[in-house]
Every structure is written in structure tokens, then in C-alpha cells.
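Since the structure comes first, as C-alpha cells, the remarks are kept for the end.
Each value in this text was obtained by applying a stated rule to the coordinates, not by laboratory testing. Predicted model, so just to flag it, every value in this text is computed and none were measured. Neighbour counts run over all protein chains shown; Cβ positions are idealised from the backbone, glycine included.
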Amino acid sequence: MTRRPNVILILADDMGFADLGCTGSEIQTPNIDGLARDGALLTSMYNCARCCPTRASLLTGLYPHDAGVGHMGANLGTPAYQGFLRNDGATIAEHLRDAGYRTLMSGKWHVAGDFDARDYDSWRPGEVEHPTPRQRGFDRFYGIMDGATHFFSPHYMMEDDSRVQVVPDDFYFTDAITDKAIGMIEDSVEDEKPFFLYLAHTAPHWPLHAHPEDIARYDGVYSKGWDATRTARHETMNAKGLFHTQWDISARDKDVHPWQAETHQDWEASKMATYAAMVDRMDQSIGTLIAALKRLDQFDDTLILFLSDNGGCAEFMAEDGWAQFYPDVTQDGRKITMGNVPDLRPGNAQTFQSYDKPWANVSNAPFRLFKHYVHEGGISTPLVAHWPKGFGARGPAQAACHVVDILPTILEATGASYLKELGGHEIQPMQGESLLDLFRDHAWDREQPIFFEHEGNAAIRQGQFKLVRLHDHDWELYDIEADRTELNNIIKGDEARARDMIRQYEDWAAKSGVMDWNIALPKLLKAWGMETHEG
């Protein structure tokens, strides 16, 4: 019998398009870069603009609303917005376990409703609205159920079906989930079972936490500021020939002031240095994983996929903002200073900061906007694919793809069938298209448009054209092959195309249960018990 390949799906959290060495960054990512060099690098891969909608779509091969996570974890009262995975979709793990695979997960789940990190007694993982990975096809699980955690002192960790305590002295989340994943792989190899590993990082999502030696590697690197760094990344991208055309870089975001006007330059540079250290450490951990695969003689027949769940995150960490939802004391009793406090250097366990909009603008170079939005800066991620026995080095590919394509790609690679029914529930047809031919440098053209909606921000990509709008703004139309940085709105010169794309978007939105954001927002605020909405 022909040996079936293993599959490792690695997801970064809040990492922008330009944060890897292979996409123009000064951050040291030699292991991911090596996978891209020896495999495939897709430069027009799209996610769903936000953490858990992307994760739901990635896992099920369905658009987020069809998977049950049209917004985030709050249940807004409809199947499209229930906040956790629906039963009429099946996860990659459910498909592959049915095909005889050992299914493993280490890291961030975040497709199981809302959790309050300040009130552990209210947590009910395993209940209907809070399904665990073990209830959705994974044989093993180690990690967090919710959306973010303290990297040195996580507030709530689980292993399989139970909560586990960690010792903060030598714990770092990125290292820990990799070490645990390697142990799971070793068990699978010993049992002679092909495995699927979903390694879901929280790096480089806030809070900014990193090892001191990793931060030191970037000391002084960002003293030149965000304008110079963003320009340098764009020039490197052009030199690498990543795109069809050397597009103009989008302007610095309108809410970001010039670096010369910044009054806390040392602190701002230290934030980006810490962020870079988090990406660097994630790459180091991937190197550790690769070394383990080689030691176990599994590397050549393992399909490795790497991507990010959304663009760089522009969220400001205010003490009374997102920070209020997380503990302000470490597990060993040390006080955490919550929020972006100027001149308090980030990185250690007693800080809780974000890198904010100016540096997110760098992460998303050369594109516009950020996480939350469906302009290119919010939804663009590199996809790195590597499988020595499946395909060779092919260089960058520019065809438009989406996270719904990951599941059909994995099914084709493994020979597994798409389930039509699971647990008495009829499963929706998958909505993506396999990318294997694209990885193999064969002719590949996408058959269907790609759709996006998050918080009223909406888009459709059809061929070389993209129709997009901000919530409560007019539609814009761009020729993405000529202008992927979305600087030249051509809607007035191509109104017939725009009308047809609007019709297609509205048909999709109605079918998928997309809710008007002006109706959804009050429901969300009520569910969160908030009078204002951040982000």
C-alpha cells in the first residue's frame, strides 16, 4: 500500500503579509523562507480578515457564515452568527480521522463561543456552545480555547479534555505548543499512523511578549521608524519579483503621523522589536519541528502549509479596552501593567501591550488597511506550501486563493473523501478548490469568485477585479492585477461590471445569512454587556 502523506497546517495569528523574510521583511525567518524556496509561495492568498472567522473557514472549507462564525464568538441568534462551529460542516480533522489519520492539534482553537478570562468558573468547555477540538475530530489537543493569552502565564490551558496548570518560570506559549506537537507526532509515528497536525499559533498576536535574547536581536533595527521600514520592505518585495507588477505602495495610513513627529521613538522601536522577536521565535519553533520530522524520517512525505489568519492588527491596547478582559496578575502573583504605557518597554511577563496602527501599517506593506477590513491589508497572507514527494520548488504564484481552498487541497493530497454526513447531520458541500495543481506549477484557474464580509466591510474578487467597500461607504472597484494596492478606483468607468459583481455579492450574502452590521452591532454589544464597541 502506498504510504499516505502526513499533513501539518501551521497558522500564524495577526501576522501581516510583509512580516516574513520571503515577502520582504527584515525579520529573520530562515525556516519558513526555506520552505517557500523549496516549495511554493502563493502571494495572493486570502483569509477572512479576523481570527476566528478565518479559523472556522479554514477548518471546514466553508465561508465563515456557513461555518457558524460570521462575526466572532458571541451568539447573535442566527446559524450564521452562533459563534461556534455548526454541525452541518465538518472539520479537516473529522474528514481525515474518518480516513484513518491520527488527528492532532496544538495551539489556539477560538471557534467555540465566547469565554471571559476574568471568570474561570463560568467556563464550560465541552458544552453545546463551547465545543472542544476533541469534539470536532481531533484525537489530541493542547492549547487554549479562546482568542489570546499571556505568553508566559496563560490564564486557561487545556490538554485533551481537562484544564492543566503551567509553571510560568520557563513557560512560553510558542515553544510549549511546538514541543507538545512534536510529542504527539512521535506517538503517531511509533503507532505507524499517518497524522494531521493543526499547529495554531497565537504569535504574533498581542500581548507583546518575547524572550529577552530574541528581542535583543532587533535592538536598534527599528530606530529608523515605520516610514523607512515600510519603504524598505516594499523595495525588497519588488527586488524579489513577488508580484505581476511593481505596484505603487499605498500611502501611510491617514491616522498615522510621520516618524519624525513621534515623541516616544525609543518605546515605539522597542514595540516593533518585540513583535519581530515573536515572529522570529515562531520561525525558530518551526525549525525545531522540521528537525523532528527529519529525525523521524517524516519530512519528505509531509505536506506543510503555513499562512496567517488576518493582516497586521492595528488595535491599540488601552487599559480599559481589550486589556480589561484579561487577568492583571501572573499565575505566580506578579502585577501586570496593562495597556500601552509610553516608555514602558514591552516584552516581559509584567507588561501587556500591542504594537498599534503605525507598525501594523508596516506589516501590511504595500497594502491598505488592517485586520477587520477586507481591503488587501486586512485579508492578504502569504501561503507557503512544501512537500518534497508531492512537488518541487516552483517560485511565487499570483493566482487568487482563499482559506476555503485548504480543506480540498488536503483531501486531494491524502486521498481522503469529503464527508456527506456526520453525526446525523447532512454536511454542506465544500466551497473551495484544491490548490495542488497550482503547487505543482500546472495550469490552474479559479472557477468561482471569492467573497468577503466582516462587520459590514464587504468584497468580491472575480478574476483580476475586486469590488470592495468599507461599512456604510460606497463600493469601489479595482483591477487587482494592475493595482493591488487599491489606489485607482475604476468603478465610474466600469459600472456594468460593478453592477454584476454587486448582484453576485448580494446573492451570496443572502444565501450565507450575512446580517446587516447596523443590526448585528447592537446584538453584539448586548451579548458583550458593552455600551461602546472597540475595533
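Could you give the length gained by full extension between Glu190 and Glu262, i.e. 0.36 nm per residue of separation minus their alpha carbon distance, to one decimal place?
20.3 nm
For Phe151, which sequence-distant residues (separation of 5 or more, or a different chain) have an amide H within less than 5 Å of its own amide H, given hydrogens modelled in the peptide plane?
Counting only residues 5 or more places away or on other chains, the set is empty.
Would you report the distance distribution of C-alpha pairs in region 318-374 as whole percents per 10 angstrom bin, up to the bin with the largest distance?
21, 41, 27, 10, 1
Taking the Cα centre of region 7-442 as origin, work out the dipole magnitude from +1 charges on Lys and Arg Cβ and -1 charges on Asp and Glu Cβ, in debye rounded to 20.
Computed about the Cα centre, the dipole is about 660 debye.
Is region 404-460 best put as rounded, prolate or oblate by its Cα gyration tensor, with a ≥ b ≥ c the root eigenvalues, rounded for a/c under 1.5, and otherwise prolate when a/b is larger than b/c, oblate when not?
Oblate is the answer for region 404-460, as a/c is 1.5 or above yet b/c matches or exceeds a/b.
Between Asp441 and Lys240, what length in nm is gained on full extension when 0.36 nm per residue of separation is reduced by their alpha carbon distance?
Residue separation times 0.36 nm, minus the Cα-Cα distance, leaves 70.5 nm.
Peptides 114-126, 365-377, 480-492: what's the order by average Cβ count within 10 Å, highest mean first?
365-377, 480-492, 114-126
Could you work out how far apart the two model spin labels at Asp494 and Thr231 are, taking each label as a point 7 Å from the Cα in the direction of the beta carbon, and quote it in nm?
Using points 7 Å along Cα→Cβ, the separation is 3.1 nm.
Would you mind checking which residues have amide H under 5 Å from Ala397's amide H? H placed 1.01 Å from N; only 5 or more apart, or other chain.
For Ala397, the qualifying residues are Leu41, Leu42, Thr43.
Which whole number of Å³ per residue matches the convex hull of the alpha-carbon atoms in region 137-222?
Enclosed volume per residue, from the Cα hull, is 129 Å³.
Going by C-beta contacts inside 10 Å, put Ser308, Ser512 in order with the fewest on the left.
So the ranking, lowest neighbour count to highest, is Ser512, Ser308.
From the phi angles alone, apply the Karplus equation (6.51, -1.76, 1.60; θ = phi - 60°) to region 479-491 and give each ³J(HN,Hα) in whole Hz, x where the residue is Gly or Pro.
8, 5, 5, 8, 8, 6, 7, 6, 9, 10, 6, 9, 5
Would you mind working out the magnitude of the charge dipole of region 278-431 relative to its Cα centre, with +1 at each Lys and Arg C-beta and -1 at each Asp and Glu C-beta, to the nearest 20 Debye?
Working: 12 positive and 18 negative charges, 68 e Å.
Roughly 320 debye for region 278-431.
Quick one: net charge of Glu426's neighbours, Cβ under 9 Å, K/R +1, D/E -1?
-1
Kindly provide log₁₀ I(q)/I(0) values, in the same order as q = 0.14, 0.16, 0.19, 0.35 Å⁻¹, from the Debye equation applied to equal alpha-carbon scatterers of region 89-128.
-0.48, -0.59, -0.74, -1.19
So, by mean Cβ neighbours within 10 angstrom, what's the order for 457-466, 425-434 with the highest one leading?
For the peptides 457-466, 425-434, the packing ranking is 457-466, 425-434.
Can you put Val166, Val404 in order of Cβ neighbours within 10 angstrom, beginning with the fewest?
Placing the least packed residue first, the sequence is Val166, Val404.
Charges at C-beta only: +1 for Lys and Arg, -1 for Asp and Glu. How large is the resulting dipole of region 218-313 about its Cα centre, in Debye rounded to 20?
So the magnitude is around 100 debye.
For region 7-442, count all C-alpha to C-alpha pairs, find those more than 41 Å apart, and express that count as a whole percent of the total.
Cα-Cα pairs of region 7-442 separated by over 41 Å account for 10 percent.
Would you mind checking region 23-49 for residues with the amide N under 17 Å from a putative spin-label position 7 Å along Cα→C-beta of Lys294?
Output list for this probe position: 29-39.
Report, as a whole number in µm² per second, the diffusion coefficient that Stokes-Einstein gives for region 69-221 at 25 °C and 0.890 mPa s using the Kirkwood radius over alpha carbon pairs. Intermediate results must be reported in sequence, preceding the final value.
On the way: Rh = 16.7 Å.
Rounded to a whole number, D works out at 147 µm²/s.
Which of Lys420/Lys511; Lys240/Lys492; Lys224/Lys254 have a Cα-Cα distance over 24 Å? Each step should come with its number before you reach the end.
Values: Lys420/Lys511 20 Å; Lys240/Lys492 34 Å; Lys224/Lys254 20 Å.
Those over the limit are Lys240/Lys492.
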